Each structure stands twice: as C-alpha cells, then as structure tokens.
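Below: one structure, written as structure tokens.
The values are calculated or read from the model by the stated rules, or taken from the named source; none is laboratory data. In this text the structure is predicted, and so the values were computed from the model without any measurement. Cβ: placed from backbone, ideal geometry, glycine included. Neighbour counts: every protein chain shown.
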Amino acid sequence: MPTLYLVATPIGNLQDITLRALRILREVSLIAAEDTRTTRKLLSHYGIKARLTSYHEHNKGAKIPYILNALQQGDVALVSESGTPAVSDPGYDLVAAAAEAGVPVVAVPGPSAVVAALAVSGLPTRQFTFVGFLPRRRGERRRLLSTLAAQPQTIVAFESPHRLLAALSDLLAVLGDRRIAVCRELTKLHEEVFRGRISEAIAHFQEPRGEFTLVLEGAPQPAEAVVPTEAVLTELRQLRQQGIAPRQAVTQVAQQFGLARRQVYRLWLQLR
C-alpha cells in the first residue's frame, strides 16, 4: 500500500541530509513541500527530478484531500521548510488525516533544530519541554511562561529575530535571570551559540538576525535536607519492631525529622 513518508531535511547545511532521505525523495511519486522554492534548491543540489506540490498552513484545507488522493496512486514524501515535518509544523494535520484514512505513515529521521540546540546548549538534556514558537503577543507569552515557571525540565522554544528581544525580556521578568543558550542560524554559515544568563543574552543580541532556538534552564529545585542516617534508621527499627506498617512508619519519621518521605523510604528499604 502507498506510504506517506515524513522526510527530515537540512536546517541549513545541505550535507546534513541522510542517504535514506535522498533515496525516498528520488523514489516517491509526489513531494509535498512547505516551501517549494527551498525544496527545489535541495533537489537541484542532489540532481533529483520530482513532482512537487505546495503544502503549508494557508492551503492545507484544500491540499489534504489532494494528497490523500495522490496516495491512492503511489508514495508521497512530506517535507517542511527545514528540519522534521509535523513538529511545530502544519504537517501534523496531514499526518492525522493519513492515519485516519489508514495510510501507513513512516518517519525518515534526520536534522532537527530542537535536538541540535539541546545538544550544544550545555544545559541538562535528560528531560525537556518543547513549546514551539512562543506566542506573538506579550500577554499570551507571559501566561505561557507562567505555566512553565516551576517546572524543573529544560525548556526549548523557537523565536523570530524581530521578537527575540521582547521574548527575552519576558523570560527575564517571568522566570528570573536563568541560564540560557541562544542558538542562532544552526548549521549555517553564521551559526552562533550564546551561553550565559538571560540578561546577558539581551545585552548581546541588540540587533538580532537569523533564526533562533532558545534553550532555557528549568526551575531550580530545593536541595534535599541532610539525612541524619543513623538516628533515622534507629527510629525506623523501633517502629518496625512494634509492627508499625511501612507507610505509617515512613510518614511518622519523615514528619519527626523534617525530611521528604522518599528520603526516609530509601532508608526503610535498607532495613529490609
């Protein structure tokens, strides 16, 4: 059965495309492109002749039925202007429609501004929250940031050059002067990664140009209290000998010593 391929394309450097992506682009019967001009440059660079159709935010309503019909005849590749389709991208609607119609959808992974920015940020990457482009309006932007203020995970966002300083100012006002990596023009000729505090980023980018990915430090977490291990173990042993249930014993000792239950529970496990 024909397949919809989600083909990741370079975010800047044309050499970043994968061999599999090039093969798929050569073999499909149609390529649906967010920006046909950008895609034609990529295809021309690699000598690929293909049938193109535009698919973007403003024509997706009409183009989804067209592409689904094309999928009855052969494979279709979806490409965004850059990076991975359907991630902060109108491709999501086409993927949902294809899945609903029973069309196989296959990812052809590759370049991603989100992953690239995280990797070079120097900030924790084990867990992160991606919020796409920050809201254009100040009130909406600040409301979104307020919902993220207490979360410990690293935050990743896209921003345009003409809104960068306003966004950084709101980040500073709502979240405080946290560490940030501002990644500009990733993989392109004028690539730049600024690492510092938000206030320092504001001073640095007074005339911002290019495409930006922001990687922001999560909320600082309070340090766990120092555990008086021997005293806690002694108390836990006594409660255990009295036949007190584990949950009750852990709760009682946590309150007694002003500790987090998880800290006391770890010591309870040692008794076992």
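Before moving on, here are some points about what is shown:
- For the range 53-82, filtering for residues that are surrounded by 15 or more Cβ atoms within 10 Å (Cβ to Cβ) and either in contact with a Phe, Trp or Tyr (Cβ under 6 Å, 6 or more places away or on another chain) or among the hydrophobic types (A, V, I, L, M, F, W, C) (or both) leaves 10.
- Residue among Gly74, Gly83 that alone is of a type outside the set (Lys, Arg), closer than 24 Å to Phe205 by Cβ and assigned by TED's automatic domain parsing to the domain that holds Thr39: Gly83
- Failed item, numbered, when Val87 is tested on (1) aliphatic (A, V, I, L, M); (2) part of a helix (DSSP H, G or I); (3) within 28 Å of Ile180 (Cβ to Cβ): (2)
- When residues in the range 182-225 are screened for being closer than 19 Å to Leu14 by Cα and in contact with a Gly (Cβ under 7 Å, 6 or more places away or on another chain), 6 of them pass.
- When Val79, Val156 are checked against the criterion of being over 30 Å from Pro222 (Cα atoms) and touching a residue at least 60 places away in the same chain (Cβ under 8 Å), a single residue qualifies: Val79.
- Subset of the range 59-84 that is over 21 Å from Met1 (Cα atoms) and not in a helix (DSSP H, G or I) - its residue that is farthest from the chain's Cα centre (by Cα): Asn59
- On inspection, Ile31 does not qualify as modelled with pLDDT of 95 or more and either surrounded by fewer than 20 Cβ atoms within 10 Å (Cβ to Cβ) or in contact with a Cys (Cβ under 9 Å, 6 or more places away or on another chain) (or both).
- Within the range 1-35, tally of residues that are of a type in the set (Val, Ile, Thr), assigned to a loop (DSSP other than H, G, I, E, B) and closer than 12 Å to Asp75 by Cα: 2
- Enumeration of residues in the range 191-240 that are part of a helix (DSSP H, G or I), within 30 Å of Leu271 (Cα to Cα) and among the aliphatic types (A, V, I, L, M): Ala231, Val232, Leu233, Leu236, Leu239
- Of all residues assigned to the range 99-115, at least one qualifies as being over 16 Å from the mean Cα position of the chain (by Cα), assigned to a helix (DSSP H, G or I), without any contact (Cβ under 8 Å) to a residue 24 or more places away in the chain and surrounded by fewer than 20 Cβ atoms within 10 Å (Cβ to Cβ).
- Condition broken by Ser169, with the remaining ones in (1) closer than 17 Å to Phe212 by Cβ; (2) among the hydroxyl-bearing types (Ser, Thr, Tyr); (3) not in a helix (DSSP H, G or I) satisfied: (3)
- Some residue of the range 2-11 being over 27 Å from the mean Cα position of the chain (by Cα) and either outside the structural domain of Ala97 (by TED's automatic domain parsing) or at pLDDT 95 or above (or both): yes
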